[in-house]
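Down below is the structure, laid out as structure tokens.
The values are calculated or read from the model by the stated rules, or taken from the named source; none is laboratory data. Since the structure is predicted, the reported quantities are computational estimates derived from the model, not experimental observations. Positions of Cβ are backbone-derived with ideal geometry, glycine not excepted, and every protein chain shown enters the neighbour counts. These area figures cover heavy atoms from the full protein model, side chains too; ligands, DNA and RNA do not enter into them. Shrake-Rupley method; radii C 1.70, N 1.55, O 1.52, S 1.80 Å.
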Amino acid sequence: MYSIGIDIGSTAAKAAVLEDGILLATVVEPTGFSSVDAAERMRARLEQEGYPIDGHPVVATGYGRVAVPFADKTVTEITCHGRGAAFLFGGDGLVVDVGGQDTKVILLADGKVKKFLMNDKCAAGTGKFLEVMADRMGVSQQRMADMARAGNPTPISSMCTVFAESEVISLIGKGTPREDIANGVIESVISRVAALAGGIASNRCFLTGGLCDNDYVVERLSAHLKRPVATRPEARYAGAIGAALSS
């Protein structure tokens, strides 16, 4: 009897299938305009992968969790991200999740959420900021990270995505190298994430969410926090894994 966790985020919808504490499968799809449509696409993808939902417990989380009509129950993002991270990395440490809509830092003790903080008032410290800036520069987020590694520090000070985009447009107009602009964009996000995470003391730190496969982001976050930041490819699905574990 496997269980299914579905995490409907603002940018991506993810699913995880677990049985007896073993991660069997993961699925990801763009959320798109409708969370309900995203949930139905997740159902179809799971069936294609050989994991139909009928007769199996389904738990939904994420900002669109109420839009999953076939879920047996819903669980908050904080709880699910904490459980998922504990499953992937062990029971103690600080979870940093940079999502499309918000950034969460969660302190785990014995596998349970002890404390958490969120930045959900401005997109400047989230993955959405990187997405907008990469689009403005005409490159992918991974390409932007590669460029940033070769760039020189270039301050981008605006806390608002709209104003920050204006700063980037101005820098482009001045002929600033794209590598320098990319460096400034990523440093802007990482500094805000680190400021949030720095408010909670912990020797162990884990990165979850869509940026966990970006080596440069992991490297810069480690430098800002002055401690190693661990991650792994499955960390993108921490919320969905935690939801499956909550069945």
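Filter region 39-84 down to the residues that are open to solvent by less than 20 Å² (accessible area, probe 1.4 Å), part of a loop (DSSP other than H, G, I, E, B) and not hydrophobic (A, V, I, L, M, F, W, C) and list them by number. Answer for region 39-84, where residues must be open to solvent by less than 20 Å² (accessible area, probe 1.4 Å), part of a loop (DSSP other than H, G, I, E, B) and not hydrophobic (A, V, I, L, M, F, W, C): GLY62, GLY64. Across region 85-109, which residue is modelled with the highest pLDDT among those that are acidic (Asp, Glu) and not in a strand (DSSP E or B)? This residue is ASP92.
Of all the numbered requirements in (1) surrounded by 14 or more Cβ atoms within 10 Å (Cβ to Cβ); (2) more than 21 Å from ASP102 (Cα to Cα), THR11 misses one, and that requirement is (2). Exactly one residue among VAL139, VAL193, VAL168, VAL113 is buried (at least 18 other Cβ atoms within 10 Å of the Cβ), without any contact (Cβ under 8 Å) to a residue 60 or more places away in the chain and not in a strand (DSSP E or B), and that residue is VAL168.
For region 146-165, which residues satisfy the criterion of being in a helix (DSSP H, G or I), hydrophobic (A, V, I, L, M, F, W, C) and more than 13 Å from PHE129 (Cβ to Cβ)? Passing the criteria: MET147, ALA148.
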